[in-house]
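Read the figures in this text as sums done on the coordinates, not as results from a lab. Remember, predicted model here, so these are calculated numbers, not experimental data. Using ideal geometry, Cβ is built from the backbone for each residue, glycine included, and neighbour counts are taken over all protein chains shown.
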Amino acid sequence: MNYKLLIVGGELSLKVGLLCLLGNWASAQRVICPADYQDITGRGLLAIEAGAGTKASRGITGTLGMAYYIQSEKNFARGQYHFPNMFIKANLAYAQDKLKEEDRGSLDHAAFTFDLAFGYIPFNIKDIVYPSLFAGAFLANDFLTGAPNAVSAETKSRLNSLSPGGLFGLEIMTFFGHPRLALVVHADQRYLARDTFWGAKRQYFWLGLRYHLMDVKRVKH
């Protein structure tokens, strides 16, 4: 999204300067003052997110995480704020599903995963819709949550595993009337570094909300 800064080439109009001196009036007029401008150019944009969805259409998943958008001077070109196009995100996710075994019945499987990924936003649609591509690594802790009595304690222990892997996917982020809150649609493909009892491939799909913590106010046009 674009935020007009009313600061072009380091120069500030007399009107904006007076508003900034008066403090609260600047806030009421939704003006970004020089001190705030220097502050937001010197740090990245942080966001938090939460979502829920399905695991390969046969289970459920939920996630909590944060995204750090990498800002540079290019994001503040021509007196306007341009949304960053690169980010790093970290998520903690939980998923559960059932695996049917002909000789053992139904096995209840769950996994905690920690994801770390780098993302790139190639373009946006009218400063509202932001599709992104991402890739990274994850660590999955698989465990058995329920099983028939025929499964021995030794087998249960073997089915609990900690495995690294890689992931890639697509996200579509859409702002819907709020300058900080966005809807996120997420889909990813995961590959474990080794083939476990639970398989080496997984897909997570979820829908969630992302809240951006950047203290930038939209200016009235």
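Sum up the charges of everything whose Cβ sits under 13 Å from the Cβ of Gly166, counting Lys and Arg as +1 and Asp and Glu as -1, but leave Gly166 out.
With Lys, Arg at +1 and Asp, Glu at -1, the net is +2.
Suppose R0 equals 30 Å. What FRET efficiency, 1/(1 + (r/R0)^6) with r the Cβ-Cβ distance, do Ile48 and Phe143 give to the nearest 0.05?
About 0.65, to the nearest 0.05.
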